[in-house]
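Here is the structure we will look at.
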Amino acid sequence: MPFIDLKAQYAALKPRIDARIQQVLDHGQYIMGPEVGELEQRLAAYTGSKHCVTVASGTEALLIALMALDFRAGDEVITTAFTFAATAEVIVLLGGKPVFVDIEPDTCNIDVRQVEAAITPRTKAIMPVSLYGQVADMAELNAIADRHGVAVIEDAAQSFGATYQGRKSCALSTIGCTSFFPSKPLGCYGDGGALFTDDDAIAQAAREIRVHGQSARYTHTRVGVGGRMDTLQCAIVLAKLERFDWEIERRLEIGERYQQLLAAVPGVRRLAVRDDRDCVWAQFTIFVDDRKAVQAGLQAAGIPTAVHYPKPLHHQPAYAHHGQPDDCPQSIRAAGQVLSLPMSADLSQADQQRVVQTLADVLAHQRAAA
Ligand SMILES: Cc1ncc(COP(=O)(O)O)c(C=O)c1O
């Protein structure tokens, strides 16, 4: 059983994907070809954002978002330590400081009650992470940001397609950034990403920054990066959009079935999904004790698992000086307990039942041996 079934997805979409790739090979505009603008229009409409700017990766989207806000060395961004490194990496790369606040223990998203106290005169933005595919409490974060005149950048790398109070992830704040890494809810076949905004000036800045700060050919108005998403990757995402609504429905359904089946399994604690939003389960993640043994038991039965993430960022050598070891206790606890199970739109009911049954057996065996 694969952890994420990209082969089944390709088999289902093969004629469309192959035709889209062939079209690019035929016209030969590999950089900034027509598929780039086509995808940007489709994704802006999908999310309900005024602008979509495709970029080279989710990391690049976060970097360009900060640059478009005129982020300077010494500026601070409030974010969570329980995330993939890219979230904090871009802040540090630009000479800024990530200010880590803790997560809610049940959703693993930023604890908004801790955010306001972390704001200083150097705060430029709040960067919540829509972890596992569930958006954080954006209404409250936007309200705090408004009170203090700072921006909100949603790290929506894992949540493309998710909804919050009836609106789509990526269109909920100053800027939304997503990733098209192959395993993400909407993935390409390499690296890709996009940022979304309703702000014309930010969109214009992002478009310039992704092509070395050019406002016109060889007119470098600002410092930028080589941050484009290539035409072939855009063509692949366009093909995948054809059944994306179906995939999101399946993800919600499979996630809900996992949650129901796991409710009856002693030793499993489930992630909470708030009433006013859904979770597209980029990762289907649970909490268990003695994770290593659980992983080994599942692996022995041919069921792959993963850990997102084994350490909070303030316990990583590159970021340790941005906090004290005891900071963010809920992030530390979650990092010791989270376990991600196989998940994709093509996961069969039989395979899903086998995962849950095997997990229940492994945990029962552990209890009997204790
Ligand atoms: C929360 C989060 N932020 C940022 C990224 C970076 O995205 P990419 O791998 O496309 O650069 C990822 C992807 O792994 C992620 O999960």
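Okay, here's what the table says:
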quantity: Largest-first principal axis extents, alpha carbons of region 1-55, Å; calculated: 40, 31, 17
quantity: Positive-pole candidate from L69, V223, T79, dipole of region 6-241, charges at beta carbon; calculated: V223
quantity: Distance from region 139-194 to region 35-108 (C-alpha centre basis), Å; calculated: 8 Å
quantity: Sorted peptide list for 49-57, 145-153, 341-349, 23-31, criterion being average Cβ within 10 angstrom, highest first; calculated: 49-57, 341-349, 145-153, 23-31
quantity: Residues of the chain: accessible area per residue with a 1.4 Å probe, Å²; calculated: 40 Å²
quantity: The chain - Kirkwood radius from inverse mean 1/r over Cα pairs (Å); calculated: 21.2 Å
quantity: Mean residue ellipticity (222 nm) of the chain, computed from DSSP H runs ≥ 4 via -39,500 (n - 2.57), nearest 500; calculated: -12500 deg cm²/dmol
quantity: Beta bridges by DSSP in the chain, antiparallel share as percent, to the nearest 5; calculated: 60 percent
quantity: Contact order relative to length of the chain, as percent, for alpha carbon pairs under 8 angstrom and 6 or more apart; calculated: 22 percent
quantity: Percentage relative contact order, region 244-369, counting C-alpha pairs under 8 Å, at least six apart; calculated: 32 percent
quantity: Potential extension, K7-L25 segment - 0.36 nm per residue separation minus Cα distance; calculated: 4.2 nm
quantity: Sulfur and carbon atoms: percent of accessible area, the chain [1.4 Å]; calculated: 52 percent
quantity: Share of Cα-Cα pairs in region 244-369 lying beyond 23 Å, as whole percent; calculated: 38 percent
quantity: Net charge over other residues, Cβ less than 11 angstrom from the Cβ of V307 (K, R count +1; D, E count -1); calculated: +3
quantity: Highest to lowest packing among 322-329, 212-219, scored as the average C-beta count within 10 Å; calculated: 322-329, 212-219
quantity: Cα-derived Rg to Rh of region 52-150, Kirkwood definition; calculated: 0.94
quantity: Calculated over region 330-370: convex hull of Cα atoms, volume per residue (Å³); calculated: 82 Å³
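The values are calculated or read from the model by the stated rules, or taken from the named source; none is laboratory data. The shown structure was predicted, so the numbers you read here are calculated from the model rather than taken from an experiment. FYI the Cβ positions are ideal-geometry reconstructions off the backbone, even for glycines, and counts take in every protein chain you see. Surface areas here come from the heavy atoms of the whole protein model, side chains and all, with no ligands, DNA or RNA. Shrake-Rupley method; radii C 1.70, N 1.55, O 1.52, S 1.80 Å.
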